[in-house]
1. Any idea which of F105, F73 is under 20 Å from A296 (Cα atoms), of a type in the set (A, V, I, L, M, F, W, C) and out of contact with any helix residue (DSSP H, G or I) (no Cβ under 9 Å at 6 or more places or on another chain)?
2. Please tell me if R246 is open to solvent by 30 Å² or more (accessible area, probe 1.4 Å), of a type in the set (K, R) and in contact with a helix residue (DSSP H, G or I) (Cβ under 8 Å, 6 or more places away or on another chain).
3. Among the residues of region 427-462, how many are among the hydroxyl-bearing types (S, T, Y) and free of Cβ contacts under 8 Å to residues at least 12 places away in the same chain?
4. Mind checking which helices (runs of 4 or more DSSP H) fall wholly inside region 155-246 and carry at least 3 residues that are touching a Ser or Thr at 6+ places or on another chain (Cβ under 7 Å)?
5. Sort out which residues of region 15-58 are buried (at least 16 other Cβ atoms within 10 Å of the Cβ), touching a strand residue (DSSP E or B) at 6+ places or on another chain (Cβ under 9 Å) and in a loop (DSSP other than H, G, I, E, B), and write them in order of number.
6. Run A291 past the list (1) more than 18 Å from the chain's Cα centre (by Cα); (2) buried (at least 24 other Cβ atoms within 10 Å of the Cβ) and report the number of the one that doesn't hold.
7. Checking the structure you have, find out if any residue of region 267-279 is assigned to a loop (DSSP other than H, G, I, E, B) and crowded, with 17+ Cβ neighbours inside 10 Å.
8. Does L103 qualify as being open to solvent by less than 20 Å² (accessible area, probe 1.4 Å) and more than 17 Å from the chain's Cα centre (by Cα)?
Amino acid sequence: MQNGTLLAAVDLGSNSFRLEIGRYDSGHIERVEYLKETVRQGSGLDENKNLSLVAMERGWECLARFAERLQGFQRLQVRAVATQTLREARNRDDFTRRAQEVLGFPIEVVSGHEEARLIYQGVSHLLPQSDERRLVIDIGGRSTEVILGQGYSASKMESYRLGSVAWSSRYFPRGQITQQSLQTSEIAAKAVLDEALDAYPVGSWDTAYGSSGTVGAVAEILTLNGWPAGQITRAGLDWLTDKLLRAGHPDHLRLEGLKDDRRPVIGGGIGVLRAIFDLFKLESLVKAEGALRQGALYDLIDRENDSTDVRERTVNWLCERYGVDQPHASRVGRIATELFAQIAVPDPNNARYSQKLVWAARLHEIGTHISHSDMHRHGAYILDHVDAPGFTLQELHRMSQLVLGQRGKLRKIEDILDDELFAKQLLCLRLAVLLCHARKDPDITPLQLSYKSRQFKLSATTGWSRNFPQSAWLVEEEVAAWQKSGWRFSADLG
């Protein structure tokens, strides 16, 4: 990446949407601009986990303003990440479809595990390098992430379903804060976080850091009211809690640093924060400058290089974990991408599409450790449910559908098969799997795959079917499989 390149990250959080723009300089990112709007989408989820139209419109309007600032940015310069609210929302596709049109860039709904990884990346890159063991806590609107790490490497990452918006609406629905309601919110938070004590035993970190959201708001209030700058102490938290209880309602609390957009969710945030202090036996929590959006920016840099792209490392890990025959998987990936190159339309993103096809090919047999005959179904299930650092939920699902569709009838993936790019990737994967049926390198120089107007054709030089009768028979079976798919596939096998 060239020095001076502008990068942007959009964080679609449950309470606020944020836009961070930075300039790349020799491995570091210097902030150029930061925008934040309180959208409070998390409070727009109804009892059926559907986002209200009003909440969606607030989000679209905010993204339209961000889009104006992002004019002139290329796709590889921007990463937009959505978190817990859109993970939960059953109608998230309705929101993201319109949101992507408004923003002008793809929006990735990430898993809680991936959110935690990005948070740690953001925090660690803005801290001085040291060997200290770090506990990082991020209390968001509807989720709380807890991470252990050292340097730039996170060793344990978890996401828990509690946060300032969710806890405020549940335990302080009318804003009133009493000793009893606050205690109830703390007990409930401890019940959710109690299992974290096994994964994060006291003494396994040297310094505890808090990122973004509630921690940032509370730390600012305490600093502006005479407490030690840049941290939350137990004594300071008790002082702020007492002030809040005496006021009885956030709207009645007059404190330097308490912003109006934080008042409706301060009660829930403090309830969760107090539970964390008690469970982890913290005396202080240092405010970290980095957060998820900075992690997304540094991830854009890593993705430019296979050796640093965490997705490449994740695929290697999955292959090892599930005992994949890696020479064969790589063979299938190579053949699939060679075929894809023959039918891909001119597009600057083709390298990215090919890379994702390679990853799907390398993982197409991860289900064999459960069942050989149903490996495609088990492999798809694994990809839809595994914690895979670097990948979004959409990326994992798309790969799962390629793995599911690698063999057999196409009816099982008809919902996504209408997508031209997916259909091309799938056919190339299926052909690669069958051409590599002997688990040896096939010679595909006699083969030419072509595409025009929803019609695929595989042509071979004279004598190919005679020289490779098993492959020719499998190709004819493949032709039959596509007959009822809405796509046409024919073969002239010489």
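The values are calculated or read from the model by the stated rules, or taken from the named source; none is laboratory data. A quick note: this is a predicted structure, and the numbers were derived from the prediction, not measured. As a convention, Cβ positions derive from the backbone with ideal geometry for all residues, glycine included, and neighbour counts pool all protein chains shown. All accessible areas refer to the heavy atoms of the entire protein, side chains included, with ligands and DNA or RNA removed. Shrake-Rupley method; radii C 1.70, N 1.55, O 1.52, S 1.80 Å.
1. F73
2. It is false that R246 is open to solvent by 30 Å² or more (accessible area, probe 1.4 Å), of a type in the set (K, R) and in contact with a helix residue (DSSP H, G or I) (Cβ under 8 Å, 6 or more places away or on another chain).
3. Number of matching residues: 2.
4. Per the criteria, 164-171.
5. N15, V39, R40
6. For A291, the failing item is (1).
7. The answer is no, given that none of the residues of region 267-279 is assigned to a loop (DSSP other than H, G, I, E, B) and crowded, with 17+ Cβ neighbours inside 10 Å.
8. Yes.
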